[in-house]
Structures are given as structure tokens and as C-alpha cells.
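These notes concern the structure reproduced below.
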Amino acid sequence: MKNVSSVLLGLTLVMAGNALASAQQMDQAPPKVLQVTREFIKPGKGGAAHDRTESAYVQAMARSKEPIHYVAMNSMSGKSRALYLAGYDSFEAIQKDNDAMNKNAALGAELDRDTVADGQLLDGVDQFLFAYDPDTSYRPSGDLTTARYMEFTDFYIKPGHMSEFNELAKMVIDANKKAGTSAHWVTYDIAYGGDNMVVVLSADKSMADIDKGFAENKSFETAMGESGMKKLHELEAASIDKSDSELFSINPKQSYPLEEWVKGNPEFWKPKPMMASAAKAASPAPATKTTP
């Protein structure tokens, strides 16, 4: 949704987050319900240290062959944090997954131990549940096979002014269609964990996609026209209390991706073990953990 923010906010509209995805939903179409877990990382406790504790969760889920898949992302702007997104067909599906995991005592005990270790690195954790809004999404997709980055923007809507925001979104969609831009995004409305909040997510294959979005702003404004831009700003002022845009990088080491994504891009989602072995052979001394 790059062409929105430059118009609405003066910057590229980015929405990204933590993504856990169910095998039934995130293969192509966006999930109807999105569960987002956000972890705030203590200074100096990110990088390899956090990869190590999070990979313990991934290994435990894989050994248990759990059907709940998720995508992890690390912040490239704002406070140091990680997001984990899980998609579901419905709220009922969340209950079914939770009930199934609660019956697996061995997995539960292992995840409890992993949580204690991971907690040593964190300043805090919170969670959100969102509902998919197809009407304000544009060229949406749930396929992250080749994705590397996620742009994430949250809009806090003024009470009683959602209709103006929806009108604004329709104008932005129509202008992007007319201009033939590369813009694409998925919109979610907050269900639990906040009030009057709308989040927009846009996946990028590379940061060159972000450059392209900025370059397309002029064609977007031309398609909108002077009167359209004036109307757009009026709707923005009427409906949006505040907004925030952030950029995240997808972290395969902390993700439990769909098998389809792994098969489609194994070099990214599942780096070959031989890469780690080669590095170890080149340096017989114990490897030193580093934190980016």
C-alpha cells in the first residue's frame, strides 16, 4: 500500500507484522483471522541469541507435526521487537488448535521450558486478534514463498468515522487501478487487543520494491487528480486519529512455515545444513555468537 502513505502520511505506507499461518489459509488467500504475537527484545538480546531460543519452539512444533504454522519477523524500524503471525479460517479454528495442543502433554512441557528460556531475552509480550477486511484490501495474497520484508501500518480510526476511512480506502484502490501501480496490501480490523484500529500489510520480495513504490507516487497522484487529492486529505483528517508505519524483515530461523513455501524456496526457508557444517569445519575453535 505504498502509494497510500505517501499521500496520507508523507511516507511509504507499510504494514508488517508477526505472522503465524494455518496450512489451510495462508497458502494463497489471506487468513480470515490473524493472530499476532509481539515480543519486545531487551537491548543486546536479539540476533543469534533470540534465534536460538525461538528455534527451540520451531523444532518442538516440527517434531510434533503441529498443523499451526507461523511466520516470524524482526523490526527494522522503531523499538527492537519480533512479530509472529498465525492465520486461521475462523475464531473456532483457534479454539480447536488450542484444544489439540493442550492434549499433547509432552509438547506442552517442552514449550513451557522454551518459554522460560525465551523470556530471559524479553522486555514484554502482547497479542492481538484481527479480522480480514476484503473490501479495503487490494490485490491481496497469503503466499509468502518469495517474501523477504513486510511493510506494516496501523491506523487508529476516530470513533464513529469508519465510513470515511472506508471511502478513503476505496479512492486509493481506484487510483492505484487507474495508475497501474505495483501496490498490493491486505487489510485487517482489530477484533481483540485494541480499539478502532486497522492494520495494513504489504509483502516485498526485496527493498527495491519499496523504491518502486516511492517512484510510483507521481503516477498515483496524477490518477487521483487535484480534486481527488483534496478529497483524500479531507477524508484523512476526518477519519484518522493517528497512524504508524514500520518495516520488518522476515526471519526464517524463527518461523515455522508452510511446506508449500519451503518447497517453493528451500534456500530461504530451510537453509541447507551443509552450510552450517562448512562454517564449522573452517574454524575448529568454538564459534562465537554475535548479535547484529
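The values are calculated or read from the model by the stated rules, or taken from the named source; none is laboratory data. The structure presented is a predicted model; accordingly, all values stated were derived computationally and were not measured. Neighbour counts run over all protein chains shown; Cβ positions are idealised from the backbone, glycine included.
Details
- Residue in the stretch 97-126 that is farthest from Val199 (Cα to Cα), counting only those that are touching a Gly at 6+ places or on another chain (Cβ under 9 Å) and surrounded by 14 or more Cβ atoms within 10 Å (Cβ to Cβ): Met101
- Considering residues of the stretch 187-198 that are closer than 19 Å to Glu151 by Cβ and free of Cβ contacts under 8 Å to residues at least 60 places away in the same chain only, the residue surrounded by the fewest Cβ atoms within 10 Å (Cβ to Cβ): Asp189
- Checked against the criterion of being crowded, with 22+ Cβ neighbours inside 10 Å, of a type outside the set (Val, Ile, Thr), part of a strand (DSSP E or B) and within 16 Å of the chain's Cα centre (by Cα), the candidates Leu129, Leu144, Leu201 yield just one match: Leu201.
- Residue that is farthest from Ser249 (Cα to Cα) [pool: residues in the stretch 61-92 that are part of a helix (DSSP H, G or I) and at pLDDT 95 or above]: Glu92
- The one condition in (1) assigned to a helix (DSSP H, G or I); (2) among the small types (Gly, Ala, Ser); (3) modelled with pLDDT of 95 or more that Gly108 fails to fulfil: (3)
- Candidate set: the stretch 132-141, residues that are hydroxyl-bearing (Ser, Thr, Tyr) and not in a helix (DSSP H, G or I); chosen: the one surrounded by the fewest Cβ atoms within 10 Å (Cβ to Cβ): Ser141
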